[in-house]
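The values are calculated or read from the model by the stated rules, or taken from the named source; none is laboratory data. Because the structure is a prediction, the values reported are computed rather than measured. In this analysis, Cβ positions are derived from the backbone assuming ideal geometry, glycine residues included, and neighbour counts consider all displayed protein chains. Side chains included, ligands, DNA and RNA excluded: accessible areas come from the protein's heavy atoms. Shrake-Rupley method; radii C 1.70, N 1.55, O 1.52, S 1.80 Å.
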Amino acid sequence: TKIKNDHSKQIDHDMGSLDCQRQARNDDQAVMGAFAHQVALVTWFVGPMAIYLISGDSFVKKHASESFSWQINISFGILLSLILTPVSISILMIGLITVLHVVMCVIGSIKAVNENYWNYPISTNYLH
């Protein structure tokens with residue numbers, strides 16, 4: 001069933017609560033939110049931090065903050081695997097962490113393009 005809200009937009013109640021909670025955003029905000037995740041693959045934490053500091057939009061800042069924090073957490077994981085494991089296992093761990101890193105950055109980008117907030121799993125957020 002479809003009903004009209006105060007802004008004369010159609011709300012499809014069959015789509016679930018997530019779509020009803022999404023905030024209207026322009027394409028630039030969604031692209032910048034996705035870019036905050038993608039740029040981290042090349043610039044490590046520097047790109048997401050720059051986007052966080054430059055952007056005035058809360059949606060973009062949220063994605064940049066999550067991406068920055070993920071980069072720091074991934075760095076800790078790689079550092080720990082280098083320190084605590086023998087060389088052969090360390091190489092395997094770094095490979096697995098790298099694959100996890102790329103996959104999570106892609107998922108974060110997709111969530112941002114779809115105008116959804118997203119938190120990286122097992123990650124502490126250092127910026128709020």
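Worth a mention:
- Options VAL42, VAL31: the member that is open to solvent by 80 Å² or more (accessible area, probe 1.4 Å), over 14 Å from TYR117 (Cβ atoms) and touching a residue at least 60 places away in the same chain (Cβ under 8 Å): VAL31
- Taken over region 46-60, the criterion of being within 14 Å of LEU127 (Cβ to Cβ) and open to solvent by less than 60 Å² (accessible area, probe 1.4 Å) is satisfied by GLY47, PRO48, MET49, ALA50, ILE51, TYR52, SER55, VAL60.
- In region 107-121 there is no residue that is under 19 Å from VAL46 (Cβ atoms), touching a helix residue (DSSP H, G or I) at 6+ places or on another chain (Cβ under 9 Å), without any contact (Cβ under 8 Å) to a residue 40 or more places away in the chain and surrounded by 15 or more Cβ atoms within 10 Å (Cβ to Cβ).
- Yes/no for ILE74 being touching a helix residue (DSSP H, G or I) at 6+ places or on another chain (Cβ under 7 Å), open to solvent by less than 40 Å² (accessible area, probe 1.4 Å) and without any contact (Cβ under 8 Å) to a residue 24 or more places away in the chain: no
- Extreme residue, modelled with the lowest pLDDT, among residues of region 1-28 that are open to solvent by less than 90 Å² (accessible area, probe 1.4 Å) and assigned to a helix (DSSP H, G or I): CYS20
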